[in-house]
1. I need a count of the residues in segment 14-44 that are open to solvent by less than 70 Å² (accessible area, probe 1.4 Å), under 20 Å from PRO119 (Cα atoms) and out of contact with any strand residue (DSSP E or B) (no Cβ under 6 Å at 6 or more places or on another chain).
2. Just to verify a result, which residue in segment 78-110, among those that are surrounded by fewer than 10 Cβ atoms within 10 Å (Cβ to Cβ) and of a type in the set (A, V, I, L, M, F, W, C), is modelled with the lowest pLDDT?
3. Need pairs with beta-carbon distance below 9 Å; first residue within 17 Å of MET1 (Cα to Cα) and open to solvent by 90 Å² or more (accessible area, probe 1.4 Å) and within segment 55-67, second assigned to a loop (DSSP other than H, G, I, E, B) and of a type outside the set (Gly, Ala, Ser); sequence gap 6+ or separate chains.
4. Is it the case that segment 82-96 has a residue that's closer than 14 Å to PHE10 by Cβ and either out of contact with any Ser or Thr (no Cβ under 6 Å at 6 or more places or on another chain) or small (Gly, Ala, Ser) (or both)?
5. Among the residues of segment 112-124, count how many are surrounded by 10 or more Cβ atoms within 10 Å (Cβ to Cβ) and either more than 18 Å from the chain's Cα centre (by Cα) or part of a loop (DSSP other than H, G, I, E, B) (or both).
Amino acid sequence: MCHFIDFASFLAGAGPTDATALAAAGASEPREDDVAATVAFADGSIASIVYAALGDPAMPKERVEVLGEAGAATLDDFRELHLYRGGRSEVSRSRRDKGHAGELAEFVQACRDGRQPWPVEDMLAVTRATFRIRDRLREAAGGSG
């Protein structure tokens, strides 16, 4: 889930400040595979992240919805982007790009330049939020799980 928290942090332009979560009970999959989390960010934004192993294979594997004062967007499988602004919509489609190649290129260049490619505090904030979610799930399960 940390990658989704990191992505939401990028979209918000702010670091996470709090997080909570619940896991689905009675599912055929392990509890950690079906989780709904809420993450608060320093700018007042919130993200609802549903991480689920359930669903039909015909559905897009990943879906991101962003709602804001200036418009809204949906992104399916990092391939199809729908933008909504001013009562109009537009769609763009491309090859799936989750940013892996760009991230590796940035890391290699940072190694060559001898610089830190991403602020350490940003990475720590995402890690802390991820651990908060894990801890909330363990508390709800009644143990250290």
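1. 1
2. So the residue we want is ALA101.
3. LYS61/ASP77; ARG63/ASP77
4. Step one: list which residues in segment 82-96 are closer than 14 Å to PHE10 by Cβ, which gives none.
No, that holds for no residue.
5. From segment 112-124, those surrounded by 10 or more Cβ atoms within 10 Å (Cβ to Cβ) are 117-119, 122-124; that's our starting set.
Going one step further and asking which of them are either more than 18 Å from the chain's Cα centre (by Cα) or part of a loop (DSSP other than H, G, I, E, B) (or both), we end up with 117-119.
Qualifying residue count for the region: 3.
The values are calculated or read from the model by the stated rules, or taken from the named source; none is laboratory data. Small disclaimer: the values here were computed from a predicted structure and weren't measured. Heads up, the Cβs are rebuilt from the backbone with ideal geometry, glycines too, and the neighbour counts pull from every protein chain shown. Protein only, heavy atoms only, side chains kept; ligands, DNA and RNA dropped before computing areas. Shrake-Rupley method; radii C 1.70, N 1.55, O 1.52, S 1.80 Å.
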